[in-house]
Amino acid sequence: MTSFTLKIIALITMFLDHFGYAFIGEFSFFNVLGRIAFPIFAFQISEGFLHTKNFKKYLARLGVFALISQIPFSLYYFKFINSKTLTLNIFFTLFLGLLAIFVYDYIFSLLKKNTKISNKLSFSLICKFSALFIVLLIAYLAELLNTDYGFWGVLVIFSFYIFKKNKLYYAIAFFLLCIIKYLPLFIKSNYNIVYLILFLFTFLPILFINFYNGKQGYKIKYLLYIFYPLHLFILYYLF
């Protein structure tokens, strides 16, 4: 399964999620299917970091489209979700997730370059914990800014990167993150089966991700960037 195929799955399920709120007006199976989208986008960010030729441009692109997408996202969100709280769109979460990966990787690259420092176990551990602490701060910032998926979203992006060399490890990490997200809601709702279904569909995309063959497939570099604000505008005006 190529990167192109993964992106198409994510785009379709994201659209169904947003279409469900606009067309039906309340939570439906369309929104359950929509849980598939974000984990794939999160995985693509970790892959994007590994393969980008220009990290600064990649980060800037996410930042620019985060700003561009906020107006259509807010129009859609206030109309169909009926929330009075300002939420920042998914591009802000992807931006912060990519930033978290960069900070973590940058600290470790400095350690590798300086072998004298990296061989000192105590200092190496301090650097590792410092890097993880900064990642948690960035995730907390996402929560403070009330980005879509917030703290949890940044950690999902980071977990795909940190366990990139082992599919079993990142599947386990993602499974645990899904438990952390849905178990409190499941208990708080007096064991409402809806949260069990949401859990299963949020974890489901790990199957698609595990079939990823490392190939790009058809190039659709700007499709996600353009499609995201455009489809929100269209749904807002149509419904």
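The values are calculated or read from the model by the stated rules, or taken from the named source; none is laboratory data. Given the structure is predicted, the values throughout are model-derived calculations rather than measurements. With ideal geometry, Cβ positions are generated from the backbone for all residues, glycine too; neighbour counts draw on all protein chains shown.
Please find, within the stretch 70-99, the residue that is surrounded by the most Cβ atoms within 10 Å (Cβ to Cβ) out of those that are in contact with a strand residue (DSSP E or B) (Cβ under 6 Å, 6 or more places away or on another chain) and in a helix (DSSP H, G or I).
T93
Which numbered condition trips up T52, out of (1) buried (at least 20 other Cβ atoms within 10 Å of the Cβ); (2) β-branched (V, I, T); (3) touching a helix residue (DSSP H, G or I) at 6+ places or on another chain (Cβ under 6 Å)?
Among (1) buried (at least 20 other Cβ atoms within 10 Å of the Cβ); (2) β-branched (V, I, T); (3) touching a helix residue (DSSP H, G or I) at 6+ places or on another chain (Cβ under 6 Å), the lone unmet condition for T52 is (1).
State which residue pairs qualify: first residue at positive phi and in a loop (DSSP other than H, G, I, E, B) and inside the stretch 19-43, second residue crowded, with 20+ Cβ neighbours inside 10 Å and of a type in the set (D, E) in any location, beta carbons under 8 Å apart, and separation of 6 or more residues or different chains.
Taking only residues 6 or more apart or on different chains, not a single pair turns up.
Taking the stretch 182-223, which residues are assigned to a loop (DSSP other than H, G, I, E, B) and farther than 20 Å from F15 by Cβ?
S189, N190, Y191, N192, F211, Y212, N213, G214, K215, Q216, K219, listed by residue number.
Only one of these conditions is not met by G20: (1) small (G, A, S); (2) closer than 25 Å to F203 by Cα; (3) under 17 Å from the mean Cα position of the chain (by Cα). Which number is it?
The failed condition is (3).
Here are some conditions: (1) surrounded by 13 or more Cβ atoms within 10 Å (Cβ to Cβ); (2) at pLDDT 95 or above. Y170 meets all but one. Which one does it not meet?
(2)
Filtering the stretch 130-169 down to residues that are under 28 Å from I197 (Cβ atoms) and free of Cβ contacts under 8 Å to residues at least 12 places away in the same chain, which residue is nearest to the chain's Cα centre (by Cα)?
The extreme case among them is E143.
Residues in the stretch 202-213 that are closer than 16 Å to F38 by Cβ and either crowded, with 18+ Cβ neighbours inside 10 Å or not aromatic (F, W, Y) (or both): how many?
7
What about K128, is it closer than 22 Å to D105 by Cβ and in a helix (DSSP H, G or I)?
The answer is yes for K128.
Give me the residue from the stretch 186-223 that is among the basic types (K, R) and within 12 Å of K7 (Cβ to Cβ) and, out of that set, modelled with the lowest pLDDT.
Result: K221.
With the requirement that a residue be in contact with a helix residue (DSSP H, G or I) (Cβ under 7 Å, 6 or more places away or on another chain) and either under 15 Å from A10 (Cβ atoms) or assigned to a loop (DSSP other than H, G, I, E, B) (or both), what does the stretch 224-239 give you?
L224, Y225, F227, Y228, H231, F239 - these are the residues of the stretch 224-239 that are in contact with a helix residue (DSSP H, G or I) (Cβ under 7 Å, 6 or more places away or on another chain) and either under 15 Å from A10 (Cβ atoms) or assigned to a loop (DSSP other than H, G, I, E, B) (or both).
Which pairs do you get when a residue that is in contact (Cβ under 8 Å) with a residue 60 or more places away in the chain, found in the stretch 220-231, comes within reach of a residue that is hydroxyl-bearing (S, T, Y) and buried (at least 17 other Cβ atoms within 10 Å of the Cβ), reach meaning Cβ atoms under 7 angstrom, with the pair 6+ apart or on two chains?
Once the first residue is in contact (Cβ under 8 Å) with a residue 60 or more places away in the chain and sits in the stretch 220-231, its partners that are hydroxyl-bearing (S, T, Y) and buried (at least 17 other Cβ atoms within 10 Å of the Cβ) give Y228/S69; P229/S69.
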